[in-house]
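Nothing in this text is a laboratory measurement; each read-out follows from the coordinates by a stated rule. Remember, predicted model here, so these are calculated numbers, not experimental data. We place every Cβ from the backbone using ideal geometry, glycine too, and count neighbours over all the protein chains shown.
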Amino acid sequence: MCVMAASLLCMPLSFSQNISLEQITVRKPQGATADSFEAYSALDLERLPLKSPEEAVDYSPSVDLKKRSSFGIQQDVSLRGSVFEDTDIAIGDVVVNDPQTGHFNLELPFTSADLEGVDIYKNGQKINFVPKKPSDKGFLLKNSFGQHALWENLLSYNFPIFSIKNRISAEHKVAQGSRHDTDFDIYNFSFHSLWEADTLKSELLFGQTKRDFGADSFYSSRFNQEEEHINQRFLSFKIGKELEAFTLNNTFYLRRHRDKFILNRNDPSFYTNYHTTYIYGLQNQFDFYNDFFAGLNLERETIDSTNLSKHYRLKKGFFLGLKDKEIAKFILNIRAGLDYYSGWQYLESGHFGLSYPLRDNLNLKFSYDRLWRLPSFTELYYSDPANMGNSNLGAQRSHNYEWGFDFSPIKALNVSAAFFLRNQSKTIDWGKNTPVDVWQADNVTDLKVHGADFLAGYKFSKSALDSISFGYTYLNLNKSGPQSLSKYVFDYNRHALLSNIGFDARGLKINFITHLSKPVNRSEYATVDLKLEKQIRNFTFSLEGTNIFNKSYQELQDIDADSRWYKMSVAYSF
């Protein structure tokens, strides 16, 4: 559904394009008007109490962000009941899912100052983090401190070199953690360069994140002194040429991820694993006559691991489609793809989106997506006394359907709803029949998921009460499979409700965000987050609090969520 932020952030559930920017700030993903999506701009994100850019998605009731810890550390994303391996995570439309395990997908290699927006394609099960473009000028210095010995420092500087725009950013975060052995020390760095001429454009993005942290019970409740060290680098280089009849874009990308896992930080010799994965690839896309597109993908994934050994796989892909095309008032969007993956042969995917304006203020939409995912290297090859991978796993496939509408009867009021269905075959999960058995990776079941999203928001004028909005998602999963115990698939939220009340009193912006969740196998809980912000000339002062009433709850079985966490910040920018 949508984010609950002050300027009715939750409106971007594919609303009609005649919504005024005075009502809502929406950054529209290119070529997605016939799709179901949520789009958050940089202004939207600034009004949320974010501990890291990754946590922006946690303010959508369609997304269940299962946090082992905060600040971007070990956060599994579930989109409409999917598991953390199922959702594609992209940086600037480059998918960066880690082939070792989806636990690492949401480790973004850039700072809090580098995020322009987030697009959530719910029916297509993809989240795209859009990097902020460098500009001719701009400087940001931000310092924060808070509970649990938290200190944060951020520096971001935009500078031109001749006709090339550049930005360099560096960030450091350190804290003791809100519970035993969840301390962390994080360094983020990025460099972004952009050159544009009349018909040519090139863009270079490099990012790195280094994260050292305590991992109390992250993977097993039997071990409460785990420790992990992450070092990730990401590089993408894009070059494109745009003419009147066609556009050609080429993207080269490389992602390297290193992980050192220690089962007992007080005795590293007892059990320590090292893993290094590489993803490198080339994407070519050719757009012609403003409506049609086609492209080729080539990608190689490798792993070198003390537990999983050495493996690699190669993907070759072709796709073509039609961008948003208006035909007799209908807006049509089509994409078809065919990929050859070594070991799994040919895998097909597809998308069909249709939008129709029944009235000026009422828009009807339908989406269909055919998706697949391969097992991770962990699901294929991991082995320990409690978990056993399966090298014979097949590809998981799903058919996703969605019907919805956007309705804006008056300028200040917006309402949307969507009903969705997912038929999933050969679902990959870790299962077992009795508590004493080992967890076994398998294509455990066929799955039917159905549910609904609903949103209503109202924007006030000439009032200290700026806006009020609500978002709700209902989920139900049915299975047909032999194993009685599931490790991941059936740990989901049956009901999720988010509400936001935003105030703007003489430049003091206040947002109260309430999140109510009712999981199927854990106790229900409600948390309240808060952000206050005041700008005085070039200075911005803010107070942010998450779980401000100190609710005890779990987002993952046997792992306690963070307790109350306040922080204060002072930022200087020009």
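Data table
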| quantity | calculated |
| --- | --- |
| Residue-by-residue Karplus 3J(HN,Hα) for segment 402-411, coefficients 6.51, -1.76, 1.60, Hz, glycine and proline x | 8, 10, x, 8, 10, 9, 9, x, 9, 4 |
| Residues whose placed amide H lies under 5 Å from that of Asn105, excluding near-sequence neighbours | Asp98 |
| Förster radius 25 Å - calculated FRET efficiency between Ile239 and Asp136, Cβ distance, rounded to 0.05 | 0.75 |
| Label of the coordinate-derived value, Kirkwood radius over Cα pairs in Å, listed as (1) 26.4; (2) 24.5; (3) 25.2 | (2) |
| Euclidean distance of C-alpha centroids, segment 488-524 and segment 180-229, integer Å | 26 Å |
| Net dipole in debye of segment 124-280 [+1 Lys, Arg Cβ; -1 Asp, Glu Cβ; about Cα centre; nearest 20] | 340 debye |
| Rounded if a/c under 1.5, otherwise prolate or oblate - segment 360-479, Cα gyration tensor axes | prolate |
| Relative packing of 49-60, 259-270, which averages over residues the other C-beta atoms within 10 Å, highest first | 49-60, 259-270 |
| Charged-residue dipole, Cβ positions (Lys, Arg, Asp, Glu), the chain about Cα centre, Debye nearest 20 | 660 debye |
| Charge-dipole axis of the chain as Lys and Arg at +1 and Asp and Glu at -1 on Cβ define it, positive-most pick from Ala294, Tyr488, Ser221 | Ala294 |
| Environment charge of Ala336, counting only residues whose C-beta is closer than 13 Å and scoring Lys/Arg +1, Asp/Glu -1 | -1 |
| 21 Å Cα-Cα threshold exceeded, pairs from Lys329/Lys365; Lys432/Lys479; Lys165/Lys238; Lys173/Lys531; Lys142/Lys567; Lys133/Lys325 | Lys133/Lys325 |
| Ordering of 194-202, 207-215 by burial proxy (mean other Cβ atoms within 10 Å per residue, highest first) | 207-215, 194-202 |
| Neighbourhood net charge (12 Å Cβ-Cβ; Lys/Arg +1, Asp/Glu -1) for Ser169 | +1 |
| Packing rank of 112-122, 302-312, where each peptide gets the mean count of other beta carbons within 10 Å, highest leading | 112-122, 302-312 |
